[in-house]
1. How much net charge surrounds residue 97 when only the other residues with a Cβ under 15 Å from the Cβ of residue 97 are counted, with Lys and Arg +1 and Asp and Glu -1?
2. At a probe radius of 1.4 Å, what is the per-residue accessible area of residue 44, in Å² to the nearest 10?
3. Share of region 40-198's accessible area from carbon and sulfur, percent, 1.4 Å?
4. Ignoring solvent entirely, what values of log10 I(q)/I(0) come out of the Debye formula for the chain at 0.13, 0.18 Å⁻¹ when each Cα is a single scatterer?
5. Spelling out what I want: for every residue of region 18-26, take phi, set θ = phi - 60°, compute 6.51 cos²θ - 1.76 cosθ + 1.60 (Karplus), and round to whole Hz; glycine and proline get x.
6. As a test of understanding, state the convex hull volume per residue of region 42-171 from its alpha carbons, in Å³.
7. Tell me, what ³J(HN,Hα) does each residue in region 123-138 have, in order and in whole Hz, if you take phi through Karplus 6.51 cos²θ - 1.76 cosθ + 1.60 with θ = phi - 60° and put x for Gly and Pro?
8. What does the convex hull of the alpha-carbon atoms of region 114-231 project to on average, in nm²?
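The values are calculated or read from the model by the stated rules, or taken from the named source; none is laboratory data. The model shown is predicted, which means the values in this text are computed figures rather than measured ones. Note: ideal-geometry Cβ built from the backbone for every residue, glycine included; neighbour counts use all protein chains shown. Remember, those area values only see protein heavy atoms, side chains included, never the ligands or the DNA or RNA. Shrake-Rupley method; radii C 1.70, N 1.55, O 1.52, S 1.80 Å.
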Amino acid sequence: MKMGKKYTDSVKLIEKSKLYDPAEAIDLVCQTSKAKFDETIEIHVRLGVDSRHADQQVRGAVVLPNGTGKTVRTLVFAKGDNVDAAKNAGADYVGDTDLVDKIMKENWFEFDVVIATPDMMGTIGRLGKVLGPKGLMPNPKAGTVTMDVAKAVTEAKAGKIEYRLDKTNIIHCPIGKASFGVEKLSENFNTLMGAVIKAKPAAAKGQYIKSCVIASTMGPGIKVNSSKIDA
């Protein structure tokens, strides 16, 4: 596969075998973000756990201090007073079985976060097969199954992100946009990594953070020295 000139130039700035301090890696990733759009900066963290075991799952959510730079569209399943609470908090869509039917029949996915009150989980249970694979099914650990829908909507809009292991024991998460600059990206990075470290399962043995790579949407991966990551 032929690489573009911008990518090739970016690769020249990075020493492949070097493990960079977090701040240095973030500075480099900003330098290598050369696309014509504001690239998303993501981190990919391999953990020393086995996600096949229930007692070694790592999952949670955290509000990034500087947000993600993305406009988040929220869908809330609620009824009664919670409908008004969600709307007043700025939810983009609020409904009940009407929205369940819209998703099922129209293949409608014009939203980024789904929030539900506990009493609605029975109603939206049949959406598990379509929302689950997309990582959109509400979950108590992520704070998206709650009676306080106003808080959940506010946090989602402010830049709350969910982190969870994939099948290869890697967490993939955005920490902002290239335009944020080193300081804001570093704050987001430290907040996310602090949450991941605190979520370390008691059953995890040996080295917890196996590797960490940071990259922009179109740029090369930069290896981070995991021993320099502060909780």
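1. My count for the surroundings of residue 97 gives -1.
2. Taking all protein chains as shown, residue 44 has close to 50 Å².
3. Answer for region 40-198 is 49 percent, counting heavy atoms of protein chains only.
4. Those come out to -0.85, -1.28, one per q.
5. 7, 9, 8, 4, x, 5, 5, 5, 5
6. With only Cα atoms used, region 42-171 gives 118 Å³ per residue.
7. After applying 6.51 cos²θ - 1.76 cosθ + 1.60, I find 5, 9, x, 6, 7, x, 5, 9, 7, x, x, 8, x, 9, 5, x Hz.
8. One quarter of the hull surface, i.e. the mean projection, equals 9.4 nm².
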